[in-house]
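The values are calculated or read from the model by the stated rules, or taken from the named source; none is laboratory data. Quick caveat: nothing in here was measured; it's all calculated off a predicted structure. Cβ sites come from the backbone with ideal geometry, for glycine too, and all protein chains shown count toward neighbours. Please note that ligands, DNA and RNA were not included when accessible areas were found on the heavy atoms of the full protein model with its side chains. Shrake-Rupley method; radii C 1.70, N 1.55, O 1.52, S 1.80 Å.
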Amino acid sequence: RVNLATAKSVMLLTDDPMLNLEVALIAKNIAQQTNRTIGIVVRTYGQRFSDSLHQLLPDAKAMAAYALSAEAFAGAAFGENILGLFRLNQSTILVTEYLVEPEDTLVDRLLAEVAYGYGVMPIFHQKAGRQFPSDMTECFMPSDDVTLEVGDRLILLASLHGLRRIEHGERRAPSIWRLSAQQPLNAASLLDAGSTLYRISGYHLDSARNFMKNLPGTLDLPLYEHQAYRLRQELNHQLPVTLTPIAPSLQSRYQ
């Protein structure tokens, strides 16, 4: 009745772990009879049962209800709002909501610093005091160039380790990149180039514009790889630049 003979995957989510295991074995047997594979997800309630399941069905995905709940509670212990969770590549990803507070480690950080420094993924951003806009697309998947302020609302995807890094301010240090810029053919583009430098790198706006007024010149900037790539791409539309890494991060990249 559930078309196991042609199903691409099957999820066994009853409250009876032995029943879940029995049906999973039936599904695997039917798939083998037709020389094909089938994706299997099984709800379990204990680590020992999950380990036994992996021995019987190495390719099955075990969803341990208590373990998932424990990770959600641990995330909530940091004082944030856990909206949901899901499993991805053997890891639990928590959908977490932040309301940026005055003493928060997120204050005055570019989203690029949050994403690449803490190893998380911002998916929604709402400025403090602003109502939901009619076009919600501007809130979802926000730009790396957004600077977080007190009162902002931020929703991100993160592992429990990512939330812990945010809580303790353990941000991976960026690499140092040397920006070399030449005079543009059109001097009118210098003002926009200074704004681009400020927007993407977080370099002080007045300093960025002064740098552009005194070209050719070089400037050393702390940047994450994605920031450096975007900065080079956008500045090259305005003037000739090169961006070269001169000092790698002293901290290993977060997994």
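Here is how the numbers come out for the structure above:
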{"read-out": "Residues of region 102-126 that turn out to be over 30 Å from A60 (Cβ atoms) and not in a strand (DSSP E or B), as a count", "value": "16"}
{"read-out": "Residue check for D108: closer than 25 Å to Y224 by Cβ, in contact with a strand residue (DSSP E or B) (Cβ under 7 Å, 6 or more places away or on another chain) and free of Cβ contacts under 8 Å to residues at least 60 places away in the same chain", "value": "yes"}
{"read-out": "Residue selected from region 42-59 under the condition out of contact with any helix residue (DSSP H, G or I) (no Cβ under 9 Å at 6 or more places or on another chain) and not charged (D, E, K, R), by the criterion most open to solvent (accessible area, probe 1.4 Å)", "value": "Q55"}
{"read-out": "Members of region 1-25 found to be part of a helix (DSSP H, G or I) and surrounded by 13 or more Cβ atoms within 10 Å (Cβ to Cβ), listed by number", "value": "P17, N20, L21, V23, A24, L25"}
{"read-out": "Candidate set from region 32-51 (those that are in contact with a strand residue (DSSP E or B) (Cβ under 9 Å, 6 or more places away or on another chain) and in a helix (DSSP H, G or I)); member that is nearest to G162 (Cα to Cα)", "value": "Q47"}
{"read-out": "Elements of type strands (runs of 3 or more DSSP E) in region 60-101, at least 1 residues being crowded, with 16+ Cβ neighbours inside 10 Å and of a type in the set (V, I, T)", "value": "81-88, 91-99"}
{"read-out": "The one condition in (1) crowded, with 18+ Cβ neighbours inside 10 Å; (2) touching an Asp or Glu at 6+ places or on another chain (Cβ under 8 Å); (3) over 30 Å from I123 (Cβ atoms) that T37 fails to fulfil", "value": "(1)"}
{"read-out": "Yes/no for T218 being touching an Asp or Glu at 6+ places or on another chain (Cβ under 6 Å), at pLDDT 95 or above and over 30 Å from E71 (Cβ atoms)", "value": "no"}
{"read-out": "Residue satisfying condition, being at positive phi, at pLDDT 95 or above and either in contact with a helix residue (DSSP H, G or I) (Cβ under 6 Å, 6 or more places away or on another chain) or not hydrophobic (A, V, I, L, M, F, W, C) (or both), within set G119, G129", "value": "G119"}
{"read-out": "Strands (runs of 3 or more DSSP E) lying entirely in region 127-239 (those with 3 or more residues that are touching a residue at least 12 places away in the same chain (Cβ under 8 Å), open to solvent by less than 90 Å² (accessible area, probe 1.4 Å) and over 19 Å from V95 (Cα atoms))", "value": "175-181, 217-223"}
